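See below for the structure under consideration.
Throughout, read-outs are computed from the coordinates displayed, never taken from laboratory work. Note that the structure is predicted; figures quoted are calculated from it, not measured. Here the Cβ positions follow ideal geometry from the backbone for every residue, glycine too, while neighbour counts run over all protein chains shown.
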Amino acid sequence: MKPKIVMTGATHGFGFEAALCLAASAGTLILMVRTPERGYSLANRLTGEHPDLKVDLIPGDLSNPGSVHTFVETVKERYPRVDALVNNAGAVFSSNQADAEGLSLNRRVNFLAPAQICLRLRPVLPPGAVVVNTGSIGEYKGEFAADALEAGSLNHADYPQAKRAFLMFTLAMSRRWAADGIRVRAFHPKMVVPANRAPSWVLKLLRGTAFQSTQAAGASLAAIIMDPGTAPYQTVGRKSAIPSRGARVEADQDRVFAYVESLTASKFLST
């Protein structure tokens with residue numbers, strides 16, 4: 001039976017390319033869409049090329065806790081079993097941009113919302129299911145400390161802090177959920193250069209190391225979803241990736257996971 005795959009961030013960038021790759025193998029693509037027009041355009045293309053594919057567009061906005069809650073509950077109501085969950089959406093905001101609750105949009109969109117989607121959709125993930133969370137080269141920059149997260153001093157977290165926290169959460173989840181047969185992977189897309197932007201000669205020299213095309217990144221993401229392998233952190237070409245020094249300590253990873261878990265238990269997408 002072809003898999004049912006839940007995915008965020010599929011309407012543009014390398015997430016779009018990943019969706020194109022997955023369409024041939026998936027039975028159902030369940031996509032969170034923030035912009036309906038982009039969602040309909042993608043769905044029409046996918047089903048036009050693959051008539052047997054079902055594409056279910058569910059509205060959702062990671063910056064809005066209520067919207068994310070509705071998305072999760074809709075998925076659970078429609079699909080008692082999901083074979084793969086892909087948290088690929090993300091965005092870079094200025095440090096002073098916040099949501100209605102005063103929480104940094106960087107922290108909300110790039111860390112808390114996708115992390116709590118994982119925990120809330122855990123009941124529909126059977127043994128053998130795959131979870132892939134997209135990271136960023138940004139996690140190698142800046143500073144992050146688990147005690148600062150617990151103290152609430154990251155309310156205006158920048159993008160690198162949020163991405164590092166999400167990676168640490170994912171690595172802890174990979175260890176914890178392995179006992180239940182759920183394979184959790186973090187994906188590092190390197191620095192992605194859109195195909196319509198001709199890279200400079202410097203980028204051409206670096207292509208294959210620091211820089212990748214949207215097609216290469218999307219194909220790699222799709223490959224990990226369909227065959228996650230054994231490495232918990234992978235990059236383009238299915239190669240193992242190395243977390244930044246600040247993200248490697250398992251005890252700190254567990255603290256980040258416990259922090260998200262405690263929020264999820266008390267109030268969905270609480271700050």
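At a glance:
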{"item": "Cut-off 16 Å (backbone N to label point 7 Å along Cα→Cβ of MET1), residues of the range 16-31", "result": "26-30"}
{"item": "Computed FRET value (nearest 0.05) for GLU37 with THR74, which takes r as the C-beta separation and R₀ as 25 Å", "result": "0.80"}
{"item": "Stretchable slack from GLN97 to SER25, in nm (0.36 nm times residue separation minus alpha-carbon distance)", "result": "22.0 nm"}
{"item": "Highest to lowest packing among 106-114, 229-237, scored as the average C-beta count within 10 Å", "result": "106-114, 229-237"}
{"item": "Per-residue ³J(HN,Hα) for the range 14-28, Karplus 6.51 cos²θ - 1.76 cosθ + 1.60, θ = phi - 60°, Hz, x for Gly and Pro", "result": "6, x, 4, 5, 5, 4, 4, 5, 6, 4, 6, 9, 7, x, 9"}
{"item": "Structure-derived Rg/Rh (Cα atoms, Kirkwood Rh) - corresponding label in (i) 0.94; (ii) 1.02; (iii) 1.12", "result": "(i)"}
{"item": "Fewest-first ranking of THR35, THR11, using other Cβ atoms within 10 Å as the exposure measure", "result": "THR35, THR11"}
{"item": "Distance violations [Cα-Cα > 24 Å] among LYS54/LYS76; LYS141/LYS239; LYS76/LYS239", "result": "LYS76/LYS239"}
{"item": "Estimated inter-spin distance, ILE242 and ASP56, nm [label 7 Å along Cα→Cβ]", "result": "4.2 nm"}
{"item": "Spatially proximal aspartates and glutamates relative to LYS190 (Cα-Cα < 16 Å; intrachain offsets below 8 disregarded)", "result": "GLU17, GLU139"}
{"item": "Under-5 Å amide H pairs with TYR233, H placed in peptide plane, nonlocal only", "result": "ALA186, ALA241"}
